[in-house]
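Note sheet for the following structure.
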Amino acid sequence: MTGADGGGDARRDDLAQRYAAARARLDAAIDATGRRRDDVELLVVTKFFPADDVTRLIGLGVRSFGESREPEAGRKIAEVRSAALDDTATDARFDMIGSVQSKKAKTIAEWARSVHSVDRDKIVDALARGAQAALDSGARTADLGILLQVSLDGDPHRGGATEDELPALAERVIGADGLSLKGLMVIAPVEGSAERWMQRAAEIQRRFVEEHPEAWQLSAGMSGDLEEAVAHGSTCVRVGTAIMGPRPLVSQ
Ligand SMILES: *Cc1c(COP(=O)(O)O)cnc(C)c1O
């Protein structure tokens, strides 16, 4: 038998190797810009992978995770925390990076540090209600961080608000108890050049932080385009496949 803590854990070795390679890639990308290594957070995207993998990654020193589906995420995080033998799992942070349905906002607000994928009023309002309830019950102690997802090509299917919609959305987040505006999130369209999309993300972000200097986070870059994202000011890359391997099921 092998387990997350046992000897001879081939999956642990596998994750260790790919995590080290992704970390080295990210460090090289950051070094090339002259920025500081801790200016860019590495969020390991564990969607579709089991709680045991999250526990293995915590054992490797990872503390920041991205999840994209509820209730999968809430269940997994509860399992990770209850299986933990020490308090390393309690300082692990989980961000919601996938699209949010209003009816799931309440449970997401119980486990997420931040939600990266907020693109409409209805979701802001649902997350605000969820965050207030979670603060009242003690399920969370800090405001829920909000990143506004902005569409780089205006295609509504991929999600994301247009740049024109950002000012009103930002005001709605700022006006809501329980929420704290942190910044913007982008997903580069697959067609076209990642370099060009990330350049566009940087331009949008530059205009956004002129109005909202406190909301300086830019969540940008995945397994395939983290170098371009870091070169254009990403403060958080969301890396799944390069660390976890191919996802067991294909979705989003
Ligand atoms: C799945 C996912 C990722 C990770 O993508 P990889 O290409 O596997 O690194 C990043 N961001 C979002 C929003 C995702 O849904």
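The values are calculated or read from the model by the stated rules, or taken from the named source; none is laboratory data. Treat the numbers as computed from the prediction; the structure is a model and nothing was measured. Quick reminder, even Gly has a Cβ in these numbers, built from the backbone with ideal geometry, and neighbours come from all protein chains shown.
Tallying residues that are within 16 Å of the ligand (Cβ to nearest atom) and out of contact with any strand residue (DSSP E or B) (no Cβ under 7 Å at 6 or more places or on another chain) within the range 51-67 yields 1. Scanning the range 33-53 for residues that are β-branched (Val, Ile, Thr) and over 11 Å from the mean Cα position of the chain (by Cα) yields a total of 2.
Going by the conditions given, is residue 131 under 13 Å from residue 100 (Cβ atoms) and either free of Cβ contacts under 8 Å to residues at least 12 places away in the same chain or more than 17 Å from the chain's Cα centre (by Cα) (or both)? Taking the combined requirement at face value, the residue satisfies it. Scan the range 61-72 for residues that are touching a residue at least 12 places away in the same chain (Cβ under 8 Å) and either closer than 21 Å to residue 22 by Cβ or in contact with a Leu (Cβ under 8 Å, 6 or more places away or on another chain) (or both) and the total you get is 7.
Which one of the conditions (1) out of contact with any Gly (no Cβ under 7 Å at 6 or more places or on another chain); (2) modelled with pLDDT of 95 or more does residue 43 fail to meet, given that it meets all the rest? Status for residue 43: all satisfied but (1). Taken together, the criteria exclude residue 56 from residues that are charged (D, E, K, R) and either modelled with pLDDT under 95 or over 20 Å from the mean Cα position of the chain (by Cα) (or both). Could you tell me whether the range 108-115 includes any residue that is over 17 Å from residue 238 (Cα atoms), more than 16 Å from the ligand (Cβ to nearest atom) and in contact with a strand residue (DSSP E or B) (Cβ under 8 Å, 6 or more places away or on another chain)? Scanning the range 108-115, I find at least one residue that is over 17 Å from residue 238 (Cα atoms), more than 16 Å from the ligand (Cβ to nearest atom) and in contact with a strand residue (DSSP E or B) (Cβ under 8 Å, 6 or more places away or on another chain), so the answer is yes. Return a yes/no flag: does the range 121-140 have any residue that is surrounded by fewer than 16 Cβ atoms within 10 Å (Cβ to Cβ) and closer than 24 Å to residue 234 by Cβ. No, the conditions are met nowhere in the range 121-140.
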